[in-house]
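Shown next, in structure tokens, is the structure this report addresses.
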Amino acid sequence: MERKKAVALRYDPEKDRAPVVVAKGKGDLAERIVEIAKREGIPVVEDRELIEALIRIEVFEEIPSTLYEAVAKVLVFIRNVRSSPL
């Protein structure tokens, strides 16, 4: 069975040139990252291909330009989720 993986990103367009990996992990650590995100009201998006690429990036490192489009789609999705009425 494949272990769960999780990556947390931060993107503040006023401070960051590109999204930055702020946490990543596998197994129990991945579960904890997801648990904290959900508790804090941070949307969680599952994308197996994207996670495989993001897990290779070091913590506090910007994502490479090759992932901009994929991550932008996630950010747009999150923005839409947050702005939709309940």
Checked region 21-34 for anything among the aliphatic types (A, V, I, L, M) and surrounded by 19 or more Cβ atoms within 10 Å (Cβ to Cβ); matches are 21, 30, 33
Say we look at region 12-48 and pick out the residues that are small (Gly, Ala, Ser) and within 19 Å of residue 80 (Cα to Cα); which of these is nearest to the chain's Cα centre (by Cα)?
-> 37
Among the residues of region 1-20, the number that are more than 18 Å from residue 53 (Cα to Cα) and either surrounded by 15 or more Cβ atoms within 10 Å (Cβ to Cβ) or of a type in the set (S, T, N, Q) (or both) is 0
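Collect the residues in region 40-79 that are of a type outside the set (A, V, I, L, M, F, W, C) and farther than 21 Å from residue 12 by Cβ, keeping them in residue-number order. Write out each step before concluding.
Going residue by residue through region 40-79, those that are of a type outside the set (A, V, I, L, M, F, W, C) are 40-41, 43, 46-49, 52, 56, 58, 61-62, 64-66, 68-69, 73, 79.
Across region 40-79, the qualifying residues are 46, 47, 48, 49, 52, 56, 66.
Is it the case that residue 44 is touching a helix residue (DSSP H, G or I) at 6+ places or on another chain (Cβ under 9 Å), of a type in the set (A, V, I, L, M) and surrounded by fewer than 14 Cβ atoms within 10 Å (Cβ to Cβ)? Please lay out each step first, then the result.
Numbers: touching a helix residue (DSSP H, G or I) at 6+ places or on another chain (Cβ under 9 Å): yes; of a type in the set (A, V, I, L, M): yes; surrounded by fewer than 14 Cβ atoms within 10 Å (Cβ to Cβ): yes.
So residue 44 fits the description; yes.
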Among the listed residues 57, 51, which satisfies the condition of being touching a residue at least 24 places away in the same chain (Cβ under 8 Å), within 25 Å of residue 80 (Cα to Cα) and of a type outside the set (Lys, Arg)?
-> 51
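FYI, it's all coordinate maths here, none of it is from the lab. The structure presented is a predicted model; accordingly, all values stated were derived computationally and were not measured. With ideal geometry, Cβ positions are generated from the backbone for all residues, glycine too; neighbour counts draw on all protein chains shown.
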